[in-house]
């Protein structure tokens, strides 16, 4: 029991040090001309099992869970800094890039994967769907502090924050095409549009409720407001 407590304390200390180091090194991102996200990844690679070996991690389920939570926070933070008046004028181009653009990118990458890797077309399309969408964290990190304004910045932010559903749908579709023999493709397409529509309605409703609550609730401590907002983000 004592050994487990000591190990947990060491783990917490290591995570705390990693957070401090990662945030400090981002101060050099502007001087180096690279996104701060790259420096975060570099720190993780250095202390990981393929680097200094200070932290060994081999649990894809936990990694996926942490990644989902991190993506929620990133999208929420990006949405908080994006004005609706800027997004409203670029909804059309953003949706086109997030849907048709992802499909075209998937097809282009699939052609390259087919001829350079020598895999089947379905496997090539799976590779294309996995890397066919832009990453919201990378886009927000690259745009932050850059002299990109107006519709271009709003379009890039909106596209990077809304292309995940199409990428996830294509990835799941090609995985099932590779693994399931009697796949109901039309049922999958119908489920995609249903989830997109329901997600849009629920997301808009929760967003309105969050805005209404944050502007009217009077909490005893100012430090509770970020936690209150984060609760709506995870919801």
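The values are calculated or read from the model by the stated rules, or taken from the named source; none is laboratory data. Since the model is a prediction, treat every value here as computed from it, not as a measurement. Here the Cβ is made from the backbone with ideal geometry for all residues, glycine too, and neighbour counts use every protein chain on show.
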(request) Within region 1-44, count every residue that is at pLDDT 75 or above and not in a helix (DSSP H, G or I). (result) 0
(request) Assess whether residue 119 counts as being at negative phi, outside any helix (DSSP H, G or I) and either at pLDDT 75 or above or surrounded by 12 or more Cβ atoms within 10 Å (Cβ to Cβ) (or both). (result) yes
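So that you can scan it fast, the table gives a plain yes or no per residue for (1) surrounded by 10 or more Cβ atoms within 10 Å (Cβ to Cβ); (2) under 25 Å from residue 99 (Cβ atoms); (3) assigned by TED's automatic domain parsing to the domain that holds residue 71:
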site	(1), (2), (3)
188	yes, yes, yes
193	yes, yes, yes
196	yes, yes, yes
215	no, no, yes
219	yes, no, yes
(request) Examine region 166-181 for a residue that is out of contact with any strand residue (DSSP E or B) (no Cβ under 6 Å at 6 or more places or on another chain), more than 29 Å from residue 26 (Cβ to Cβ) and modelled with pLDDT under 75, and state whether such a residue exists. (result) yes
(request) Select from region 83-107 the residues that are crowded, with 19+ Cβ neighbours inside 10 Å and modelled with pLDDT of 80 or more and list them in ascending order. (result) 101, 102, 105, 106
(message) One residue is enough: does region 193-202 have a residue meeting the conditions over 17 Å from residue 79 (Cβ atoms), outside any helix (DSSP H, G or I) and either in contact (Cβ under 8 Å) with a residue 24 or more places away in the chain or more than 22 Å from the chain's Cα centre (by Cα) (or both)?
(response) no
(request) Keeping to region 53-67, report how many residues are over 25 Å from residue 234 (Cβ atoms) and modelled with pLDDT of 75 or more. (result) 0
